[in-house]
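Worksheet for the structure shown next.
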Number of protein chains: 4
Amino acid sequence: MIKVGIVGGTGYTGVELLRILANHPDVKVDVITSRSEEGIRVADMFPNLRGHFDLAFTVPDVDRLATCDAVFFATPHGVAMSMAPELVERGVKVIDLGADFRIKDLELWSRWYGMEHTAPALAAEAVYGLPEVNREQIRSARMIACPGCYPTAVQLGYLPLVENGLIDHRRLIADCKSGVSGAGRGASVGTLLCETSESFKAYGAAGHRHLPEIKQGLSAAAGRPVGLTFVPHLTPMIRGIHATLYGVLKDPTDGLQALFEERYADEPFVDVMPAGSHPETRSVKGANYCRISIFRPQDDDTVVVLSVIDNLVKGAAGQAVQNLNILFGLDERAGLNLVGLMP
Amino acid sequence: MIKVGIVGGTGYTGVELLRILANHPDVKVDVITSRSEEGIRVADMFPNLRGHFDLAFTVPDVDRLATCDAVFFATPHGVAMSMAPELVERGVKVIDLGADFRIKDLELWSRWYGMEHTAPALAAEAVYGLPEVNREQIRSARMIACPGCYPTAVQLGYLPLVENGLIDHRRLIADCKSGVSGAGRGASVGTLLCETSESFKAYGAAGHRHLPEIKQGLSAAAGRPVGLTFVPHLTPMIRGIHATLYGVLKDPTDGLQALFEERYADEPFVDVMPAGSHPETRSVKGANYCRISIFRPQDDDTVVVLSVIDNLVKGAAGQAVQNLNILFGLDERAGLNLVGLMP
Amino acid sequence: MIKVGIVGGTGYTGVELLRILANHPDVKVDVITSRSEEGIRVADMFPNLRGHFDLAFTVPDVDRLATCDAVFFATPHGVAMSMAPELVERGVKVIDLGADFRIKDLELWSRWYGMEHTAPALAAEAVYGLPEVNREQIRSARMIACPGCYPTAVQLGYLPLVENGLIDHRRLIADCKSGVSGAGRGASVGTLLCETSESFKAYGAAGHRHLPEIKQGLSAAAGRPVGLTFVPHLTPMIRGIHATLYGVLKDPTDGLQALFEERYADEPFVDVMPAGSHPETRSVKGANYCRISIFRPQDDDTVVVLSVIDNLVKGAAGQAVQNLNILFGLDERAGLNLVGLMP
Amino acid sequence: MIKVGIVGGTGYTGVELLRILANHPDVKVDVITSRSEEGIRVADMFPNLRGHFDLAFTVPDVDRLATCDAVFFATPHGVAMSMAPELVERGVKVIDLGADFRIKDLELWSRWYGMEHTAPALAAEAVYGLPEVNREQIRSARMIACPGCYPTAVQLGYLPLVENGLIDHRRLIADCKSGVSGAGRGASVGTLLCETSESFKAYGAAGHRHLPEIKQGLSAAAGRPVGLTFVPHLTPMIRGIHATLYGVLKDPTDGLQALFEERYADEPFVDVMPAGSHPETRSVKGANYCRISIFRPQDDDTVVVLSVIDNLVKGAAGQAVQNLNILFGLDERAGLNLVGLMP
C-alpha cells in the first residue's frame, strides 16, 4: 500500500480526495492535516465519510508527512511552496492541487497571485500534471502541479486544434461556466445559496488567475504565444465546468470529429462524444472524465468545442489521483472507476 | 380601461402576462383562451393568481376576441398567423409573443419553423416590437411581433457597437445561457428537474431558431449582413437569460462605457451598469429590465458585453406589455414597476 | 406621504422591505441605516433596486430617525430594544421585525436569546403584530413586534382549531420546512449553496427560539398552556415556509373546511384553499399571502393542516408593511398587491 | 460471475442499478430490456455509463431472461407479477424493485394499486427485502419484494421503538420529504424543474400507496396493528428522503440512543449518528446508508427520529443489490462501497 498524506483536508478538494481514496485498492491515507480542526475526526466533519475513515485532523508537520510515500496539498496558494521543497528533498512525491507550481514564469505568477514565490527551483522542476500532455514526464517527476479546473477543461478542448495549427491562434475565446464548489468552502456572502441559486453571472471578466495558466499550456502546444479571451461564469449548481470554446478555422474541414477521436483514442479519461451530441456536466458528476463534442455551426469557419468536467474530480482530486497512479506505476484507472451520478 | 384578450393562457408567458396585468392601472383582462382547459378558472390552474383574477379559460373565438381593444398571442408558432389577420382587420391591435411575425424573409422563416406562412401580408406589415429600436413604428402599428428572449438580450447588448460600426460585423459570437422556463410548460423528459438540475449543457449548437431573428435585427442595425455564431445553453434555474457577447474592435477604445450609457440614456428598461460590474440574472428576476455591462479584457481589441434579462418578462410578457403601453399612448412604464426578486 | 426609516437595511428582510416599499403609494423611505455600509448606495449593494431608490446607508442616529413617522427595525435581536424606547417616546411608531418584543415573559426571552432585556416596559406595552389576531390593538399601538416567520405560518394554521378547542391542546406537532433565506445574509459555511443545495435536514430539533413564541400565541388562543413539538427543517430553496401541523381531534368532524373558511373570510392575506388542495410555497413567492389547506387522512381523528408563506414577506417584511398600513389607517392592502412569482 | 438481467432499464432505478453494478466484483449485467428503446445502447441514453457498458436494450423475453441467475424488475407495478412466476419456476431469483409483491393482503393491494393481482401464490411466498428485518428469510428466498423508498426510511427509523413497545402504537406520525426523482422519469408537467424548483409542497396528504406497506411492516414489528399518519412532501432536489418520525413515549427515558445503537450495531448500512446530530440527505447521496438520529425535545414524552436515505440507493437499487448479495451468499457490502457525494 502506498502511504499518502493530505495537507489541508477541510476544503472541497480535500474531502473529495478522501471520497476517492476510500476505495483506492493500493493507497492508504495515513495522515490528514488541518490547523483549525486539529483533533476533529474527518468523519465528524464530513458525515459522508462515516464508516470509511477513522482519521483525525492533525497539525501539519513535515517530519510526520515525510513518512508518507506521497503528499497531496489541497491548500490555498502559498502553502505548498512553503513545505514541498523539504518533502521532495526527503524523497516524498508531492502533488499540489493548488496553484503554486503551475506557472513557469514566476514574475507572471507573482503578478496574478500577489505574493513572492519562495520555491523557484522546485517550480522550475515541477511537472504540470495534465496526463494527456505530460504523461511521460509525470512518471519520473518528484513534484506535480495539478492543473486548475478551468485550465483542464479548456486545454483538453483546444489541444487537438492548437497542436495541429488548425485555428487562428490569436483569437481563442473560452466562455466557461462553473458550479459554485469551484469557489471553495470558505464562509462568504457571495457563495451563499440565497446569493447564487436561481441566478447566473459572469465574474472576473476583466481577468482571472487561470488565464495565464491556460495561455502557457496552449502556447506550448501551439509552439507560439496564443491570444485568449477567457470569461468565467458562475452557474447555480454545486459541481461541474462547461467550457464553450470558439476558434476560427484556417481551413474549414469536416475532419474535426475524427481528429479529436484519434487524439484521445488511448486516453482513459477523455471521452469524445458522438457527432452532434451536447455533453452535460451531470454525465461526469463525481467521475474523472472529460467529455468533449465538436461543432461547426452552419458549416462555417467557426469551430465550437464543448468540454465538460467535474471541477472537483478531473478538475482537482481525480486528476491528482490519476497523477499518483502514473507516478507509482499503477493502473492509471485505479480508484477512478467512478460513474457519473445521473440523475 | 383597455380591454385585452390572451390567446393561449396556460403556458409560462401566459401566466406571466396575467401576473403583470393584475396590477396594470389601465388594462382589464377580459378573455383568456385555452382549448384544453376550457372552463377551468385560471386561479385554479395557477394558485398564485387566487384573489387577483376570476376568469375562466374559454375556447378561442374570433368574434369574442374582436370585442377586445388588444389581443396577446402567447402561443406556439402557427397559431397567431391563423387568427391575427381577421382580428387586425376588425380593428384589434395584435401583439404576438410567439414567432410567427418576427422574420421578414418568409422563406427563411419556413425553413426554420417547418411550415408555410399563411399570413404573408400581415408579416410584411408587422412591426418588430423592440421599443429600443422601433418605438416610433410601434406607436402606429396594427400588428406587433414581440422579439424572442435570446434576441432581446443579444440585440440590446450588441446594438451600440453594431450601429456605430465599431466591431468586425463578420465575427460576432453570442454565448447565451437560459433558465429552463424558456423551454416552456410542456411535459417533457428533457426539462424535468431531475434532468436539468445540477447540470449545465449547450443545446442547438448546430443551429437554433433565434439565429435568423438576431441576424436580421443586427444586420439592419449594421447596414449590412452580419456573421454570427450563436450557442445557447441551459442553466439550472427557472428564469433568466445571460448573454455573453464577443466582438473584435476595429479601433480599441476606452469610450465604450460612455457609448452605451448615451445610447440607452432615455430608455426606461435598459440599465447600463457601472464599469466593472457583472450583472446577475437575479437582479432582473420578475422585472422588465435589461442590465448590461461592457468589458475590454486586458485592454485588448476584444470587447465583451454582458446582457441579462428575465426571459419571461423583458424577454416575453413584460416587453409585450411595454409594447401595449406604447401602442395605446400610455406611460411606457405602466404596470411595469416591477422590482427584481432578490434574494 | 408617510416618512419611514429602516434600521439595518443590509439583510434579507431589509432589502425585501425596500422592494415592497418601492411601490407603496403612501410611503416614502427617508432613511436607511447600516453601520458597516455607511455611504454605500442601497442600489449598489442590491442592484435589483437600481432605478427605484437613490438612498445611501447612514450610521443609525436616533435624532435622524426621530424625524420619521415610523421606523422599521430589520436587525438581529438586541438592537431594537436599545433604540426603540426613545423613538417611541418621541412619537415615532416602531415596527420591529426582530425578536426583541415578541415574548412577554422576559425571563423566558432571556433564556432563549441569551441576554438581558433592556426595555421591559416597552416589551410589556408592545403589540404582537399578527393582524389576524390583534388587528384592533395594532391600530392604536406605539410599538409593534412582528411575528417570526415560523410562528406566523404555524399560528395561522392552528388558530381555528385551537380557538375553538377542537384538538388536544397538549399534543400539537409542527413539522416546519424553511428556505435558506430564513438563516439570513451572514457569511456562514452552513448556508453556502454547496452545503445546502441538493440536501435536506432538520435543525434545532432539540429546541428552537420560535418555540416559546408559538406556544405563547397558541396558549393565548386556547385559553390554557399548549404542548407543542416543533421541528424546523432546511429545504434547498431561497424563500418559503411550509408548516405541516398535526392535531388529535377531540370529536372528528367533516366541518373543518367550513370552519377555516369562516375564520378567515374577511382576512385579505389568508387564503383557505379548496378542499383537497396542497398549497405550494411558490404560489406565495414574493407575495403576502398565507395559503392553508386542511386534511383529515382516512377520515380518522388526526387533522393535518398545511400552511405556507413566503418567510420574507408574510413572515417578515410584508407583514411589517401590513402592520404599518393598519397603524396609519391606510388600506391594509396598500403596497401589498404582490402576486406570487410562478414559475 | 453472477449473470443478471434488468427488466425496465430506462427509469431512474434502472440506470441506478447499472451505475452500481458497473463496479460490482461478482456480477455481470447480461441483458437489459425496454420495449420502447429496443436497440438503443444504454450508454447512448445515459452518457454517464459511457465506457462502462456496451449493452443495448432488448424487448423483454422470458426465455432470454431465464438464462440469467437473477432478474431485477425496475418497472411500474403490474409488470413484475406478469413475468416473475415463470422465471421463478425456471430457477431464476427474482428481485422486484416495484410494488407488486410488497403487500401480503392482496385485497388491500388491489384497492391502492387499482388492479387485480395475477400472481397470488408468488405474492404469498415473496420475502419482503428489508435485510434489517428479514435477512434470514432472504437467504433462501426465490422472490424478493424490495421495500419502497418511504417505507425503508420510516421502518428503519421506527423499528427499535416499535419492536420494544416503547411508544403508543396508535399515534405514529411520519412526516416525510422526498427529492423529485422519487416521482420517476416520465414526462410530466408536475415534475418539471420550473414546477418543482424553488418550491415545497405536500402531496397525497389524504392517502399514499406507501401507507399500507409501512403499516404492514410496523404492525408486524409491534405485534399488533399500528395507527399511522403519513404525509409525504416534495422537496426541490433530485435525490434523498428525510423522514421525521414522531411518537409518544409510554415511559420517557434517556436510553433511546443506546437502544438504537444496539439494534443496528451489526448492520452494515444503518448508521446511528452521535446524539444531537441532524443527518443530512446529502451525506447518503449516491450511497446505500440509512442515517438515523434520535431526539427527545425538552426531555418530554415525545420522541423524534430523523431518518435519511437516498431514495434511489437504499430506497431502491442499492437495497436490491444488497438483497442480491445476501441471496447469493456474497459479502453483503459487495459493490456497495459507495461514499456519499458531498458536496
Fraction of beta bridges assigned by DSSP in the protein assembly as shown that are antiparallel (%, nearest 5): 45 percent
Can you list, shortest first and in nm, the gaps between the label point of C:Asn164 and those of its counterparts in the other copies, using a point 7 Å from Cα in the C-beta direction? 4.2, 6.9, 7.7
Partner chain coverage, peptide D:328-338 - average Cβ within 10 angstrom: 1
So how far, in whole Å, is the C-alpha centre of region C:51-66 from the one of region D:176-208? 44 Å
Under 17 Å from the Cα of B:Lys104, which lysines turn up, not counting those fewer than eight places away in the same chain? B:Lys215
Considering only DSSP beta bridges where both residues belong to chain D, give the percentage that are antiparallel (nearest 5). 45 percent
Place a point 7 Å from the Cα of B:Ile40 in the direction of its beta carbon; the residues of region B:176-204 whose amide N falls under 17 Å from it are B:184-188
Given H placed 1.01 Å from N in the peptide plane, which residues other than close sequence neighbours of C:Asp100 have an amide H under 5 Å from its amide H? C:Gly78
Greater than 31 Å apart at Cα, pairs in C:Lys3/C:Lys285; B:Lys177/C:Lys314; A:Lys285/C:Lys314; A:Lys28/D:Lys93: B:Lys177/C:Lys314; A:Lys285/C:Lys314; A:Lys28/D:Lys93
Cα gyration tensor shape for the protein assembly as shown, rounded if a/c is under 1.5, else prolate or oblate: rounded
So what is the 222 nm mean residue ellipticity for chain A from helices alone, if each DSSP H run of at least 4 adds -39500 (n - 2.57) and you divide by all residues, rounding to the nearest 500 deg cm²/dmol? -8000 deg cm²/dmol
Burial-style ranking of B:264-274, A:107-117, B:41-51, average other-beta-carbon count within 10 Å with highest first, yields B:41-51, B:264-274, A:107-117
Taking a ≥ b ≥ c as the square roots of the eigenvalues of the Cα gyration tensor of region A:1-72, is the shape rounded (a/c under 1.5), prolate (a/b larger than b/c) or oblate? oblate
Simple SL model, points at 7 angstrom along Cα→Cβ for B:Lys3 and C:Ala187; separation in nm is 6.0 nm
Kindly identify region C:122-186 as rounded, prolate or oblate by the Cα gyration tensor criterion: order the square roots of the eigenvalues as a ≥ b ≥ c, call it rounded if a/c is under 1.5, otherwise compare a/b with b/c, prolate if a/b is larger, else oblate. oblate
How many partner chain Cβ atoms sit within 10 Å of a residue's Cβ in peptide C:261-267, on average, as a whole number? 0
Kindly give the distances from C:Gly223 to its copy-mates, label point to label point, with each label point 7 Å from Cα along Cα→Cβ, as nm values to one decimal ordered shortest first. 4.3, 8.5, 9.5
Check which residues have an amide H placed less than 5 Å from B:Val71's amide H, if you skip close sequence neighbours. B:Gly5, B:Lys93, B:Val94, B:Ile95
Tell me which C residue has its C-beta closest to the axis rotating C onto D, and the distance in Å? C:Asp175, 2
Below 8 Å between Cα atoms, with a sequence gap of 6+, how large is the relative contact order for chain A in percent? 17 percent
Could you pull out every residue, at least 5 positions away or on a different chain, whose amide H is within less than 5 Å of the one on D:Ile2? Hs are placed 1.01 Å off N in the peptide plane, and Pro or chain starts have none. D:Val27, D:Lys28
What gaps in nm, shortest first, separate A:Arg333 from its twins in the other copies when you place the label 7 Å past Cα toward the beta carbon? 2.4, 6.3, 6.6
If you take each beta carbon of peptide B:271-282 and count the beta carbons of other chains within 10 angstrom, what is the mean? 5
Quick check: Cα centre of region A:248-306 to Cα centre of region C:1-46, how many Å? 50 Å
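Every number in this text was worked out from the coordinates using simple rules, so none of it is lab data. The structure displayed is predicted, hence computed values, not measured ones. All Cβ positions, even for glycine, are placed from backbone atoms using ideal geometry, and neighbour counts span all protein chains on display.
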